[in-house]
Amino acid sequence: MACTALTKGRGLDCNRISGGVNKIYFGVYDQFNDPTNGTGIVVVDSQVTDIEMGVGTGLYRYTVPRGSTTVSDAIAGSTENGTIFYTPTVTMVLNKLTKEEQNEIKLLGQTHVVIFAQLNEQLANGHDVIIALGVANAMSLNAGTADTGAAFGDRNGYTLTFDGMEPNPFPMVADYTDNPFDNVAFTNVSITP
């Protein structure tokens with residue numbers, strides 16, 4: 001007897017999509033209020049429908065170079081143990097080495113974060129798709145490099161890798177009205193560029 005019944009199949013989508021990430025938003029894990037699923041983030045049917053953040057807190061936006069940042073969500077399971085979990089990973093690139101960035105990266109490495117990735121993929125209304133990573137157990141900065149490049153035209157900057165371990169795949173954030181995170185149900189979600 002099956003533990004779960006499938007609910008539908010999937011055809012080939014006729015729409016064109018775009019890959020990649022254009023913005024990353026960081027929220028400090030313990031600044032989300034009213035814990036639900038580990039944070040003040042409510043997920044219903046794989047969609048973030050509510051975000052509750054503390055007064056004076058918010059999200060920090062990082063605009064990333066085109067074609068440089070990736071998000072993946074690997075499925076890890078054990079038939080022997082009857083378990084399954086998901087390991088989200090964000091690898092992001094920041095160009096230019098600066099002391100200010102060094103300090104921010106140090107702070108990112110010292111805290112647990114929830115990451116929202118604004119994708120290049122768009123909904124039918126032209127709004128960007130946004131996904132949430134680390135909703136239940138947070139994401140951590142666990143690898144990275146600061147590179148100078150060798151040749152005059154090489155990139156110098158940072159490559160940072162965040163990873164996590166979650167009981168469910170990453171959810172999509174409910175569509176916004178005019179600007180990302182301006183949803184009526186979201187509380188105290190301000191954006192710091």
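The values are calculated or read from the model by the stated rules, or taken from the named source; none is laboratory data. This one's a predicted model, so the numbers in the text were calculated from it and none came from an experiment. In this analysis, Cβ positions are derived from the backbone assuming ideal geometry, glycine residues included, and neighbour counts consider all displayed protein chains. Each accessible area value is taken on the protein alone, full model and side chains, heavy atoms only, with ligands, DNA and RNA left out. Shrake-Rupley method; radii C 1.70, N 1.55, O 1.52, S 1.80 Å.
Residues that are open to solvent by less than 30 Å² (accessible area, probe 1.4 Å) and either closer than 20 Å to ASP163 by Cα or polar (S, T, N, Q) (or both) within the stretch 120-139 comprise ILE130, ILE131, ALA132, LEU133, GLY134, VAL135, ALA136, ALA138, MET139, listed in sequence order. Taking the criterion of being surrounded by fewer than 16 Cβ atoms within 10 Å (Cβ to Cβ) and either closer than 13 Å to LEU119 by Cα or out of contact with any Pro (no Cβ under 7 Å at 6 or more places or on another chain) (or both), the residues of the stretch 87-99 that qualify are THR87, LYS96, LEU97, THR98, LYS99. In this structure, does ALA117 turn out to be of a type in the set (A, V, I, L, M) and loosely packed, with under 15 Cβ neighbours inside 10 Å? So ALA117 fails the test.
Scanning the stretch 160-193 for residues that are without any contact (Cβ under 8 Å) to a residue 24 or more places away in the chain, open to solvent by 60 Å² or more (accessible area, probe 1.4 Å) and either over 28 Å from ILE105 (Cβ atoms) or in a strand (DSSP E or B) (or both) yields THR177, ASP178, VAL184. Residues that are in contact (Cβ under 8 Å) with a residue 24 or more places away in the chain and assigned to a loop (DSSP other than H, G, I, E, B) within the stretch 145-159 comprise THR148, ARG155, ASN156, listed in sequence order. Filtered by the rule that a residue be open to solvent by 100 Å² or more (accessible area, probe 1.4 Å) and at pLDDT 70 or above, the stretch 1-16 gives LEU6, THR7, LYS8.
Within the stretch 45-86, the set of residues being loosely packed, with under 15 Cβ neighbours inside 10 Å, in contact with a Gly (Cβ under 7 Å, 6 or more places away or on another chain) and not in a loop (DSSP other than H, G, I, E, B) comprises THR83, ILE84.
Summed over the stretch 133-176, the residues that are of a type in the set (Ser, Thr, Tyr) and under 23 Å from GLY54 (Cβ atoms) give a count of 2. Selection over the stretch 109-144 of residues that are under 20 Å from TYR62 (Cβ atoms) and in a loop (DSSP other than H, G, I, E, B) gives a count of 6.
Residues that are part of a loop (DSSP other than H, G, I, E, B) and crowded, with 16+ Cβ neighbours inside 10 Å: does the stretch 17-34 have at least one? Within the stretch 17-34, one or more residues are part of a loop (DSSP other than H, G, I, E, B) and crowded, with 16+ Cβ neighbours inside 10 Å.
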